[in-house]
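See below for the structure under consideration.
The values are calculated or read from the model by the stated rules, or taken from the named source; none is laboratory data. In this text, all values refer to a predicted model and were calculated from it rather than measured experimentally. As a convention, Cβ positions derive from the backbone with ideal geometry for all residues, glycine included, and neighbour counts pool all protein chains shown. When the accessible area is computed, the model is the full protein with side chains, heavy atoms only, and any ligands, DNA or RNA have been set aside. Shrake-Rupley method; radii C 1.70, N 1.55, O 1.52, S 1.80 Å.
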Amino acid sequence: MPKEKLTLSEKSILRELIFPEPFSHIQSETGLSYGAIRDDLIKLINHGYIEVFDSASLRSVSPFYDSDNIQQFSFKATKSGLKSIQSHAI
């Protein structure tokens, strides 16, 4: 099955997630809207490109996170997520 091509916004989000980062960091660094970030994060999480963490303890909660309150979590790109931006380099 061919890999799905990442959008520019998905790539910009993944580039911010070398280390666990809160939703607010993604928003301030990418300049994307809340809704766009939420949609991209959910898609990237479902593809296994991002791991979700509890912001307070930085414990992994993937895949059990509350998508309605996604701004309360932190995110980090997985190995496959990082590889996907290397193979899709602009």
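Search segment 1-29 for residues being at pLDDT 95 or above and of a type in the set (Asp, Glu), and hand back the single one that is least open to solvent (accessible area, probe 1.4 Å).
So the residue we want is Glu10.
Of everything in segment 66-90, what is under 13 Å from the mean Cα position of the chain (by Cα) and either closer than 14 Å to Glu10 by Cα or assigned to a loop (DSSP other than H, G, I, E, B) (or both)? Give them in sequence order.
Selection gives Phe75, Lys76, Ala77, Thr78, Ser80, Gly81, Leu82, Ser84, Ile85.
Output the residues belonging to segment 1-42 that are in a loop (DSSP other than H, G, I, E, B) and under 14 Å from Gln72 (Cα atoms). Let's see the steps before the verdict.
Residues of segment 1-42 that are in a loop (DSSP other than H, G, I, E, B), as a first pass: 1-7, 16-20, 31-33.
Of everything in segment 1-42, just one residue is in a loop (DSSP other than H, G, I, E, B) and under 14 Å from Gln72 (Cα atoms), namely Pro20.
What tally of residues in segment 30-63 results from selecting those that are surrounded by fewer than 15 Cβ atoms within 10 Å (Cβ to Cβ), over 16 Å from Gly81 (Cβ atoms) and touching a residue at least 12 places away in the same chain (Cβ under 8 Å)?
Residues meeting the conditions: 3.
Any idea how many residues of segment 43-65 are in a loop (DSSP other than H, G, I, E, B) and basic (Lys, Arg)?
Taking segment 43-65 as the starting set, the residues that turn out to be in a loop (DSSP other than H, G, I, E, B) are 47-49, 55-59, 61-65.
Adding the requirement that they be basic (Lys, Arg) leaves 59.
Total meeting the criteria: 1.
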